Amino acid sequence: MSVAALNKVEMTPKDYKSEVPPVWCPGCGHFGILNGLYRALSELGVDPDNLVITSGIGCSSRTPYFVDSYKMHTLHGRAGAVATGTQLANPDLAVMTVGGDGDGFSIGGGHMPHMARKNINMTYILFDNGIYGLTKGQYSPTSRPELKAYTTPYGGPEEPMNPLLYMLTYKATYVAQAFAGKPRICAELIKQGIAHKGFSFINIYSQCPTFNLIDTIQYYRDLVYEVPEDHDPSNRGAAIELARRKETGPTAGKVPMGLIYQKEAPTLCDKMQEFVDNVGGTPDYDLNKIIDLSRP
Ligand SMILES: Cc1ncc(C[n+]2csc(CCOP(=O)(O)OP(=O)(O)O)c2C)c(N)n1
Ligand code: SF4
Ligand SMILES: [Mg+2]
């Protein structure tokens, strides 16, 4: 995130609540993530006047309404593209996207790699409840085959995808994972993600007690284990190994919770600035000159 947006205000987590109360079902995990987000924004002193949160469509994608910030509730799966444009148009803004497993990895799946590989200076929080909640319970790319949803009454025919491996493969520069039942850990990882310069991705398991009856809060509590202290988050190979689901050993079938990977790397804005500098740039750079320069 842009450093220009950090340490600007002194606000409590409550001060980041908008006048719109969350409309989620009682017991929805999304509440825990929202509380983590309020706390992270407060601890970093992010100025709501310089904060933009985009979302797609889904229960999770309603989150921006509940936060004091600028916001855009975009088309289903397109929030990351809108955030990318927002960030590039005004790099001094703090830009975030929030949304669900369906929004990000089904219809929005084509956008995810590009935010990561371009290292857009923004934070993406994925509310992973393994189901389409808003549309009343369809199988998603992170659903377990055991899930009997409306579209899969006999269980699912596919293996779930692994969001961490996906993001590491496309070279996201900050990758973390949390569980909504641990709002303090959510807050800490969101905070680090916001403070990170470059593309930060945080996958957060979040129970949907209304439509996903197998991924309960207790299921997630048993599923996660804390990232071992000797894990080196600057080592991408080690991060990939950690993200891989094991079939044997003490962590068989479990998933890590904590910081998986972090690396400093130039953002797309940094690289664009280099182009501008190379053509003797001014802030009002001439795109034609840039195109001419890149010709052999
Ligand atoms: C173009 C388009 N296709 C389909 C839909 C229907 N739709 C709305 S939300 C959603 C999935 C939501 O699931 P997820 O992103 O996981 O969010 P959750 O509700 O679980 O938080 C779908 C398929 C839509 N609104 N627009
Ligand atoms: S349907 Fe599920 S995801 Fe949506 S608000 Fe209710 S519990 Fe949360
Ligand atoms: Mg979902």
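The values are calculated or read from the model by the stated rules, or taken from the named source; none is laboratory data. The model shown is predicted, which means the values in this text are computed figures rather than measured ones. Note that we place each Cβ from the backbone using ideal geometry, even for glycine, and neighbour counts take in every protein chain shown. Only protein heavy atoms, including side chains, enter the accessible area calculation; ligands, DNA and RNA are left aside. Shrake-Rupley method; radii C 1.70, N 1.55, O 1.52, S 1.80 Å.
When you scan region 27-122 for strands (runs of 3 or more DSSP E) that lie fully inside it, which ones turn up with 1 or more residues that are open to solvent by less than 10 Å² (accessible area, probe 1.4 Å) and modelled with pLDDT of 95 or more? Please lay out each step first, then the result.
Working: elements: 51-55, 70-73, 94-100.
Passing ranges, in order: 51-55, 94-100.
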Answer yes or no: is there a residue in region 267-283 that is in a loop (DSSP other than H, G, I, E, B), within 20 Å of the chain's Cα centre (by Cα) and over 20 Å from LEU88 (Cα atoms).
no
Looking for something farther than 20 Å from PHE127 by Cα and away from ligand 2 (no atom under 16 Å from the Cβ) - is there at least one such residue anywhere in region 174-197?
yes
Does GLU10 fit the bill of being more than 30 Å from TYR139 (Cα to Cα), without any contact (Cβ under 8 Å) to a residue 12 or more places away in the chain and open to solvent by 40 Å² or more (accessible area, probe 1.4 Å)?
no
In region 82-91, anything more than 11 Å from VAL52 (Cα to Cα) and touching a Ser or Thr at 6+ places or on another chain (Cβ under 8 Å) is listed as PRO91
